[in-house]
Structure formats: structure tokens, C-alpha cells
Amino acid sequence: SKLSGRNTYSFFTKEMNAIMLRRFEIEEQLNLALQRNEFEVFYQPKFDVQNRNVIGAEALIRWRNPALGNVPPDEFIPIAEHTGLIVPIGKYVIEQALEFLREWACIHNKNYTIAVNLSPRQFRDKELINFILSALRKEEVAPENLEFEITEGVLMVGNAYVDEALEELHQLGVKLSMDDFGTGYSSLSYLRRYSFDILKIDRSFIDGITVNKEDFDLVKATIAMAHSLDLQVVAEGVETHEQLMLLDKLGCDLVQGYYFSKPIPAQALIDYRFPAS
Ligand code: C2E
Ligand code: CA
Ligand code: CA
Ligand code: CA
């Protein structure tokens, strides 16, 4: 009827309005978030499967805004990417992560590495490499102890800056890791084309590894393939002991996930005493 048609229409407009309003509010609040110091970088430790030692951590940004509360990175990073704000935000994460790494490695007297996520828009910043270099120098961190996690989204852009920047980072000795491996369309051809050091198997495959033969076979084949290309393999999203046992059996090098630790604040990671380290 006319009435239900109108209701359907207004339902969609309301939904759309809500989504657009939320987006608009996030965009508006994001503009001031850096100066207002609303970001904090959390760290999730990575472990060596063989000896269960902590080998480093991944930096993951958190945003707490007085009006919006905690906004998850999956929600605000794409918006920051769209507006370009990801460039200064991304620089902030790199600075924080390197400052943290220096302190953490020094206090524990360990050769830890820190991994930072880089998104496509950051590669259009021509100052990116110089910024990374001066940040490394300022914190006296060796390039080998810094890793960038890159998804296919970065490589799909297919512009010359990306290729050039990745090659420069590789030449500097900075580690490159292919994130969310297996979720895109062209992961294999990108592995051939770029100088990756590490492959991160996406959480969605690890989720099914103990219950689903296909996932198990895919993870097994991915690890074998990665090793034949001289890549280290990280499994992300490890949540159970059974998953860890299987990954150990398959020769996976590194693991990270809630089974060991959620992402936690810098000081918590510095203070934390992990079982086997
Ligand atoms: P990602 O790079 O794939 O990061 C892994 C996500 O999985 C993180 O979510 C992490 O908290 C979560 N995770 C880790 N272990 C487990 C587990 O065992 N179970 C489950 N269910 N989840 C686990 P988070 O921190 O919400 O980040 C989401 C995404 O936002 C990241 O995905 C990354 O794409 C992006 N992101 C986060 N921080 C940054 C940043 O500083 N810069 C950029 N460019 N992107 C970031
Ligand atoms: Ca990542
Ligand atoms: Ca990932
Ligand atoms: Ca992801």
C-alpha cells in the first residue's frame, strides 16, 4: 500500500541520516582529536611459537572522544583515510611506537621489533620516508626493528609512490609484512612483486583451523609456500591452545592473539611478565 511504501522510504532515510550524521560527527571530532590528545597507542605482543618468547608487538591505535566515547579503528581509520587526516595520525602512531620500543627494549634488554600499520593515503605523503628516517634516528632504533604491516589495499592503488616507498623502506632494512593475507584477490602476485619479509595469515583462517579441514589445509599450504619464499609467517587472532598446537605442528613462526594478550597500553606491556619470557 501507499502507507507501507512511505514507511519503507522514511525508514531508509532515517537509517541513512543516522549513518551520515555519525560519519559527520566522527569527521568533525577527528579534526581536533590530535591536538586534544585523544589518541592512545596500544600494543599487542607477538610470540615465537617455538620457545614462546615475546619477540615484539603490533601498535594499534585507540581513540577516546568525550562526545563519541570509544570509536573503534575499523570505524574511524577509513574516515581519516578519506579526509587525509590519516597522514598526521599515522605519523603520531610511528612516533609513539618508536618511543615505546626504545623504552621497552631498554628496560627488558631485548631486541624487540615494533610493527605499525600503514594505510594507502600515507604513501601519497612525499615526506613519509624522511619522516620515518628522522623518527628512527631520534629514538636510536635500528631500521630492522621497525616493521610496517601493509594490506592489499595499499598495493591495489598501483601508483609509483607506493612502489618507490616500499623499495626505499626495504633498502633501509625496515621490515615489510603483508597483512590480512588470504582475504584479497591478488595476494600471490603481490608477494612476487614486492620485497616482503613477513606474511600475516588473516584471523578468519585461524578461526577455523581446528574445526574446518579447508581452513587447516589452506593455512598449511600458506605456511609451506611462505617458507619456500623465505618469508616469516605470523598467525593473527590465535585464541585457543588447540589453535596454537596446530600452528606449532605446521611450523608457523610467530603468533599473536587473545590467547596470549589483547592489545594493551604501553605501560601494561612494559610491566607484564609473560609466562615463558
Ligand atoms: P589489523 O591490522 O588486522 O589488526 C588486527 C585486529 O585484530 C586488531 O583490531 C586486534 O585488536 C584484533 N585482534 C588481535 N587478536 C585478536 C584475537 O585473538 N581475536 C579477535 N577477535 N581479534 C583480535 P583493532 O585494534 O580494532 O584494529 C582494527 C583494524 O584497524 C586493524 O586491523 C587495522 O587495519 C586498523 N588499525 C588499527 N590501528 C591502526 C593504525 O595505527 N594505523 C592504521 N593505518 N590502521 C590501524
Ligand atoms: Ca595489522
Ligand atoms: Ca591483520
Ligand atoms: Ca584486518
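What follows draws every value from the coordinates through simple rules; no lab data is involved. Remember, predicted model here, so these are calculated numbers, not experimental data.
Pairs from the list Lys126/Lys262; Lys91/Lys249; Lys91/Lys175; Lys14/Lys262 with a Cα-Cα gap above 29 Å: Lys126/Lys262; Lys91/Lys249; Lys14/Lys262. Reported to the nearest whole Å, the Cα centre-to-centre distance from the stretch 123-165 to the stretch 94-110 is 19. Contact order for the chain, expressed relative to its length and based on alpha carbon pairs under 8 Å spaced 6+ residues apart, stands at 18 percent. Fully extending the segment from Met245 to Glu27 would add 74.1 nm, taking 0.36 nm per residue of separation and subtracting the current Cα-Cα distance. Net length available on complete extension from Ala142 to Asn159 is 3.3 nm, with 0.36 nm assigned per residue and the Cα-Cα distance removed. The shape of the stretch 92-219 comes out oblate: with a ≥ b ≥ c from the C-alpha gyration tensor, a/c is at least 1.5 while a/b does not beat b/c. From the alpha carbon centroid of the stretch 180-207 to that of the stretch 220-277 is 16 Å. Starting from the Cα gyration tensor of the stretch 153-277, take the square roots of the eigenvalues, sort them a ≥ b ≥ c, and report rounded, prolate or oblate (rounded when a/c is under 1.5, otherwise prolate if a/b is larger than b/c, else oblate). Note, shape of the stretch 153-277 comes out oblate.
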